[in-house]
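The structure appears right after this line, and notes come after that.
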Amino acid sequence: MYRVWGFLTDYSLLLILGALIALVWANIDYSSYHHFVEFKIWDHAPIGHLHDGHRTLTLHYLVNDVLMALFFAIAAKEVWEAVVLKNGSLRGKKAATPLFATAGGMFGPIGVYLGLALIMGSDTYNAVANGWAIPTATDIAFSYLVGRLVFGAGHPAVRFLLLLAIADDAAGLIILAIFYPSGDLAPQWLFVSFGAALAVFVFANWLPRRLDRGNQARPNSTAMRKLFGGLPYIIAGCISWYGFMRSGLHPALGLLPIVPAIPHADRAFGIFSQAETHLHDLLNVMEHALKYPVEVVLFFFGLCNAGVQLSSMGDATWLVLAGLIIGKPVGILIFGWVAAMPLKLGIPEGMRIIDLIVIGCVAAIGFTVSLFVASVAFEAGPVQDAAKMGALFSFGAAAISIIAGKVCRVEKRNL
């Protein structure tokens, strides 16, 4: 359990602190808070928001579009290892039912969100429709913690929940890239990003290993690591980020092409595995080096995005909450049942179908990624603020999960 609390301390508590400061500040003096968030760091900058034909680098842009790329790189690293490495959690038949449930955990919230918006009238629908992806997110760290509190550390539903959350993160990255561009699309710039990834993979990863074939001492790979460390990948990452920015895709995803190019471990141990802290492949070393910077980034992300006035609650707030709290459990239950029963893919031994309802309630904690999607789905204003309130209120799913666990008679199983 200490590993989970350690993860929360590392990546979530500062985020919550930043969000709480933002909420208090915005409700005491919204004008000064807005001035702080939109503070101009560099006018006529090479990067930043386009304004009157030139780019302006603001604090909000620096945090959301530049520094959050480090957070999404860590998420991408976990997804990549889960997919390609031996014992990766998203490989093989064991991942089939969780992947189906993940699809339900996305289509369910979308259906509830858009369906209720339609019922509320065309004006409401037109105003909020672009936020359909906000309730599809699942906050891995908090969902995992609540899952352990509800099911116990030894319950197979906890691993099922973690697989679902990792797959949800992967789908969320794809949704952000495809459906939420940051500007006019110029896909030719993606050649710059993927070209940088290919070049650094060939010259800093593949070629040294190729030259070391048959030599267990691996002199070329060792020399590359000692001389340059992660520098080639840092440079390639900067180039890739710039390519994403110019392509019109959200630049916070700009490091994603570089992650698969970095030398990685031979097998996956999992996001909360203590063993990962002892791995010395370059990908894990770079992730460990990002630990403290990402803590600070998440604090400022909370500070720059959670500052909404309590009076801003509106239709989008309740639609996001309904999508998460109703759509997630229903979607996960239906799709999980279809996979386990009619398709005969099964569920982990010791798990019941009814446990899928509780898993869905736990997965309804959207928070971090929901907050991020809300900030890119809508222009700054009342609808965005209302949607952010829904993302923040999704913490209430933790209490609902505990109640659902009692109602469904979940038997806690500790290790």
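No lab work stands behind these numbers, since they all come straight from the coordinates. The shown structure was predicted, so the numbers you read here are calculated from the model rather than taken from an experiment. Glycine gets a Cβ as well: all are built from the backbone with ideal geometry, and neighbour counts include every protein chain shown.
Does region 226-269 come out rounded, prolate or oblate by the C-alpha gyration tensor, with a ≥ b ≥ c the root eigenvalues, rounded set by a/c under 1.5 and, if not, prolate when a/b is larger than b/c and oblate if not?
It is oblate, given that a/c is not under 1.5 and a/b is not larger than b/c.
Tell me, what HN-Hα J-couplings in whole Hz come from the Karplus equation 6.51 cos²θ - 1.76 cosθ + 1.60 at θ = phi - 60° for each residue of region 110-122, using x for Gly and Pro?
Values, residue by residue: 4, x, 5, 4, 6, x, 5, 4, 5, 4, 6, x, 5 Hz.
Would you please classify the overall shape of region 45-204 from the alpha carbon gyration tensor, given that a ≥ b ≥ c denote the square roots of the eigenvalues, rounded means a/c under 1.5, and beyond that prolate means a/b larger than b/c while oblate covers the rest?
Oblate is the answer for region 45-204, as a/c is 1.5 or above yet b/c matches or exceeds a/b.
What number in nm² do you get for region 9-60 if you take the convex hull of its Cα atoms and divide its surface by four?
Result: a mean projected hull area of 4.6 nm².
Using only DSSP helix segments of four residues or longer, with each worth -39500 (n - 2.57), what per-residue ellipticity at 222 nm results for the chain after dividing by its residue count and rounding to 500?
Taking each H run of at least 4 residues, the total per residue is -19000 deg cm²/dmol.
Arrange the following residues from fewest to most other Cβ atoms within 10 Å of their Cβ: Glu295, Glu81.
Ordered from fewest to most neighbouring Cβ atoms within 10 Å, Glu295, Glu81 come out as Glu295, Glu81.
Evaluate the relative contact order of the chain (contact order divided by residue number), counting alpha-carbon pairs under 8 angstrom at least 6 apart; express in whole percent.
It rounds to 30 percent for the chain.
Rounded, prolate or oblate for the chain? Axes are the square roots of the Cα gyration tensor eigenvalues, ordered a ≥ b ≥ c, and the cut-off for rounded is a/c under 1.5. Don't skip to the answer; put the middle values down first.
Numbers: a/c = 1.72, a/b = 1.08, b/c = 1.59.
In terms of gyration-tensor shape, oblate.
Might you report the magnitude of the Cβ-based charge dipole of the chain about its Cα centre, with Lys and Arg at +1 and Asp and Glu at -1, to the nearest 20 debye?
Around 1660 debye, computed over the chain.
Could you tell me the relative contact order of region 299-403? Use alpha-carbon pairs under 8 Å, at least six residues apart, and round to a whole percent. Present the calculation step by step, with values, prior to reporting the outcome.
Working: 120 pairs, mean separation 43.8, N = 105.
RCO, region 299-403: 42 percent.
Could you compute the FRET efficiency for Leu207 and Leu50, with r as their C-beta to C-beta distance and R0 at 35 Å, rounded to 0.05? The partial results should precede the final answer.
On the way: r = 39 Å, r/R0 = 1.11.
E between Leu207 and Leu50, to the nearest 0.05, is 0.35.
Return the long-range amide H neighbours of Arg55 (sequence gap of 5 or more, or a different chain), with a cut-off of under 5 Å between placed amide H atoms.
Hits under the 5 Å cutoff: His44, Ala45.
Hey, with R₀ at 60 Å, roughly what FRET efficiency would Lys226 and Asp123 work out to, going by the Cβ-Cβ distance, to 0.05? List each step's numbers first, then the result.
Values: r = 63 Å, r/R0 = 1.05.
Plugging the Cβ-Cβ distance into 1/(1 + (r/R0)^6) gives 0.45.
In the structure displayed, which of Lys93/Lys344; Lys93/Lys406; Lys94/Lys344 lie more than 19 Å apart, Cα to Cα? Can you show the working numbers first?
Working: Lys93/Lys344 11 Å; Lys93/Lys406 30 Å; Lys94/Lys344 12 Å.
From Lys93/Lys344; Lys93/Lys406; Lys94/Lys344, over 19 Å: Lys93/Lys406.
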